[in-house]
Structure formats: C-alpha cells, structure tokens
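The block underneath contains the structure these notes are about, expressed in structure tokens.
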C-alpha cells in the first residue's frame, strides 16, 4: 500500500509496525493533532486519508476566505462551532451568567453560524475577514444596536479562545471600533412620575412604590426588586449592588415620602421579607418580566408615552442630582457608578441647570469689577476677593482662579464640564530672544 503524507510508521518492541498521524506545523496551527493508531493499519490509512483530504480542502478554500467567504474544517480542526460548544460549557464565561445573558449569546452564535462561519477553522479567521463581514452587515441595513451586540459577544468568544484555550495568538476583533448605539436621552418629568404613581394605587401599589424609590434613589431595577426589610433602618437603605461589576455597598438616605409609605406598610404588617411584592401572588416579583408587565399597565393607564421606560427613572434621578449641583462623588454614592464613569457625561449634557450654577458661582471673570452677587455665600465672596488680588500678577491670573473656585466656592467638575471648561490652560510660553552674542550687528 502506498505510503501516505503525514503517516509515520515505526516498529514496537515486539517488532510489529505501529502507525501514527503526524500533522505538519501549518496543520497543527489549524487544530490538527497527532493521532496514534497502534497496529491498526487499515484504520490508520482510512483516517489519515480523511485528514489529508480535509487539509487540502482548507488550503483550497484559503483564497476564498481572503475574499470574505468561509473555510471548511469539520473533523479535527477546531472550528467556530467547536469553540462555541466549549464556551457554552464553561462555568465562568457562560453557565454562571443570567438567562438573559445566555440568551443573548445563543442568539449571536446562531446568527454567526447561519452567516456561514460555523465550519470555519478558528485559526483561519483574521481581522480582514471581519472587516468584510462588518461592511456586509451595514450594507444589509442591520441596526447599529444589533451590530454592536453581535461584535460584543464575538469579542468575548475570541477572548475565550485566546486567554483560556490559547489556540489563537490574538483576538481578530479586539478594539474593532464598531459604532456604539446612541445612549437614551429620555427622562421623566414630575407630572409623569406623579401620574404613574396615582394610576398604580388601586391595582399595583408596588409599582408606584418602585417608581418613587427609583427616581429618588437612582437604584437600578434589579436592586429595587431585591430590596428586603432588613435593609431598611427607618431612614435609609443599605444596598449591596447585584451586578458583579459594581458589587458596592451603598448607604442611601430616603425622602420623607418614601419613609412614610414604608412605615405605614410595617404598621399594617408585612408577610414577605421583600419590600416589593407582586399583588397577583403575594410573593416577591418572579423576575423583571413580571414586573415589567405590571409597570406597563400602570404607565399606559396614566397616559404616559410608551417610549418612557422604568430604566429611564434612574437617569432622571441622576440628572436631578446634577441639576442640584451634586458633585461626582455625591452622585456615585447613590448610583454606584465609578467616579470617572463616562455615563455621567450624558447626565451633565441634559442638566442645563448645572451650567447656570457654574456661571452664577464664577461670575464674569473678565469683568474688572467682578461684582459679588446678592445670593452669593460668604465663601464665594471671599474667593472673588482672592481672584481680584490674583489678577495683579499676569502669571497667577492665568492659572489660579478656576482651581480656587472649584475648591473653595463649590463649583463642581460637573458644572465646569457643563460650561465647556475642562480646567486652567497652561500659560503660553513667551518667545525668548537669542543670546546677545548672536545678535546681528546693525
């Protein structure tokens, strides 16, 4: 029988021939592994012929892959479908996630396979192939949100292949630059909040209470539905964030309105450890979908636009904090965001009152008189006096007023950002004359 490529024949101690499949380095790079068949000659020849044929098919398809199509590697090669199965069996990356997150992965993986990538060898995929596919998704009219969602999940999939399985040398879509969907700009007004609370009183009082808590504490929906009575001390909530990315413990003082409602509930007697209980079962809300249905009934009954969501209440509360000149540190003590979270920029953009507060506190900086305002505090007046003194020196005039106002007068970074001010500009360097010995003689 003719010897096959990649077939190694050796004799064992007993003098019998043994057979082994030894892939070349390019084959190993595409997932082929060494296979020993012992003395099974016929099986060795049959399987090695199949491996070699598969490799020839991969090589033949390589040029098509460069044009944006797929490569087939079904048996030994580690394909995208194989990688997805490994990913979905991993506790950290998939099995420990919530059902909603798992469903998102399932949707994206199915979409990716249907696009023709299921039988592609993982090592064959390069960044240029995703560039072609991304352009195709855009040309087909897929939404920015959908494309961003797809690439977010695929980035995690290939990070798994890179970091955990170590079968690729780099993530082909790392920092791919997919356009992010625009953030929501919708916030509630006081009339809408009051209308939903009133509409929920005789059908789902728990929804009205959830709305009141959300807009006044900026807690996310999941943390609100998980609130228990032992987290309430009579004047505040102690909340441990559910999301692992935060996992902070927050102390959130409550308004008198929320305290009155909670105290009235305790006086009547409660039958659950949870504060919010679904009226239909007398038990805590099963999940966000059950709460969402009850909320939409109350919202529609109140005549509030369906585009306004419960999640928008969190943004509304944070926007209100920004309007009231709360600092970043004060806002995140409620919301649980990182102090430098970029999401705070969205709230500042909508809080026009922060810009007005910044202007009121700063005054007219270029005005020689820089008159104090009637409603200025003593600290602000003292700072204005310091600013007037600083102006005597040009160098000090260029660098000190803004830090002084921020530190002493209480102008927050949110207010400075809302006014378009990011900080003091560096003093411009004055042009220096050359040394006298280099002066040209007249």
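Things worth noting here:
- Distance (nanometres) between label positions extended 7 Å along Cα→Cβ at residue 102 and residue 305: 3.8 nm
- Most tightly packed first, judged by the mean number of other beta-carbon atoms within 10 Å of their residues, the peptides 298-306, 146-154, 211-219 read 211-219, 146-154, 298-306.
- Gyration tensor over the Cα atoms of the range 80-165: the corresponding equivalent ellipsoid has semi-axes (square roots of 5 times the eigenvalues, largest first) of 21, 16, 11 Å.
- Peptide packing: for 312-321, 103-112, the average count of neighbouring Cβ atoms within 10 Å per residue gives the ranking 312-321, 103-112, highest mean first.
- When each of 168, 113 is scored by the number of other beta-carbon atoms lying within 10 Å, the sequence from fewest to most is 113, 168.
- Three-way shape label, the range 218-298, alpha-carbon gyration tensor, a/c 1.5: oblate
- Extension gain for the segment residue 263 to residue 297, taken as residue separation times 0.36 nm less the Cα-Cα distance, is 9.6 nm to one decimal.
- Distance in nm between pseudo-label sites at residue 89 and residue 59 (7 Å out along the Cβ direction from Cα): 3.1 nm
- Whole-number percent relative contact order across the range 80-165, with pairs defined as alpha carbons under 8 Å at least 6 apart: 41 percent
- Separation between Cα centres of the range 81-120 and the range 138-190, rounded to whole Å: 14 Å
- Applying 0.36 nm per residue to the separation of residue 180 and residue 148 and subtracting their alpha-carbon distance, the gain on full extension is 10.9 nm.
- Pairwise FRET efficiency - residue 324 versus residue 272, Cβ, R0 = 51 Å, nearest 0.05: 0.90
- Once you divide the Cα radius of gyration of the range 108-237 by 2.2 N^0.38 Å, the number left is 1.62.
- Remark on the range 7-66: Rg and Dmax equal 13.8, 49 Å (Cα only).
- Pair-distance profile P(r), taking every C-alpha pair of the range 160-263, with 10 angstrom steps and integer %: 11, 31, 24, 14, 13, 6, 0
- Projected label distance in nm at residue 42 and residue 233, using a 7 Å step from Cα toward the beta-carbon: 8.0 nm
None of the figures in this text is laboratory data; all of them are computed from the coordinates on show. Only a predicted model underlies this, so the values are computations on that prediction, with no experimental measurement involved. Cβ atoms come from the backbone with ideal geometry, glycine included; neighbour counts cover every protein chain shown.
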